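Quick notes on the structure that follows.
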Amino acid sequence: MKGPASEFMAVALEEARAAAQAGEVPVGAVLVDDAGRILARAGNRVERERDPTAHAELLVLREGARRLGTPRLVACDLYVTLEPCPMCAHAVALARIRRLYYGAGDPKGGGVAHGPRIFSSPSCHHRPEVYEGLCERASAELLRAFFRARRG
């Protein structure tokens, strides 16, 4: 694992691990500006905040928009440990994210390479560059371990 993309994904994995320790589904996200600065980082907080929209991706998009003072994050890249769900994929498009990097694919709940494939939809007005499989093994194992432990 080398290079800036891997370093940002390592931060997203830290957030996912922290989410798992808090009893959340272990998904982490990091929003990075065009200068390579981390604008926001978060793990899922659905249970903690009792909010079905408190996915890691939405949390960092909200914080990034707040920090930059704009709803359009055109020069920003998003790193997330799991393929975004359809809700988060729509938010990525609406935020005009430049590049999306994600780790594990999500055949059941994904919205990018699986399911509705939001960015391929004719109604999608912005399509980020998508890079899948970054730190895929670590991301997938974190999810497997979390769900294995919950099933006991």
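The values are calculated or read from the model by the stated rules, or taken from the named source; none is laboratory data. What you see is a predicted model; the values in this text were computed from it and never measured. Virtual Cβ from ideal backbone geometry, glycine too; neighbours counted across all protein chains shown. Just the protein is used for accessible areas: all its heavy atoms, side chains included, with ligands, DNA and RNA removed. Shrake-Rupley method; radii C 1.70, N 1.55, O 1.52, S 1.80 Å.
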May I ask you to list pairs of residues, at least six apart or on different chains, whose Cβ atoms are under 8 Å apart, with the first in the range 18-29 being free of Cβ contacts under 8 Å to residues at least 60 places away in the same chain and under 17 Å from Tyr79 (Cβ atoms) and the second being among the basic types (Lys, Arg) and part of a helix (DSSP H, G or I)? Gly28/Arg17
Could you pull out the residue among Val27, Val32 that is more than 19 Å from Arg148 (Cβ to Cβ), of a type in the set (A, V, I, L, M, F, W, C) and under 15 Å from the mean Cα position of the chain (by Cα)? Val32
Residue pairs, Cβ under 7 Å, 6 or more apart or interchain, first in the range 42-60 and more than 23 Å from Arg99 (Cβ to Cβ) and surrounded by fewer than 18 Cβ atoms within 10 Å (Cβ to Cβ), second among the basic types (Lys, Arg) and modelled with pLDDT of 95 or more. List them. none
Just need a number here: residues in the range 61-84 that are in contact with an Asp or Glu (Cβ under 7 Å, 6 or more places away or on another chain) and open to solvent by less than 20 Å² (accessible area, probe 1.4 Å). 5
Return the only residue of Tyr131, Tyr101 being assigned to a strand (DSSP E or B), within 15 Å of the chain's Cα centre (by Cα) and surrounded by 15 or more Cβ atoms within 10 Å (Cβ to Cβ). Tyr101
Between Pro116, Pro84, which is under 14 Å from the mean Cα position of the chain (by Cα), under 24 Å from Pro52 (Cα atoms) and part of a loop (DSSP other than H, G, I, E, B)? Pro84
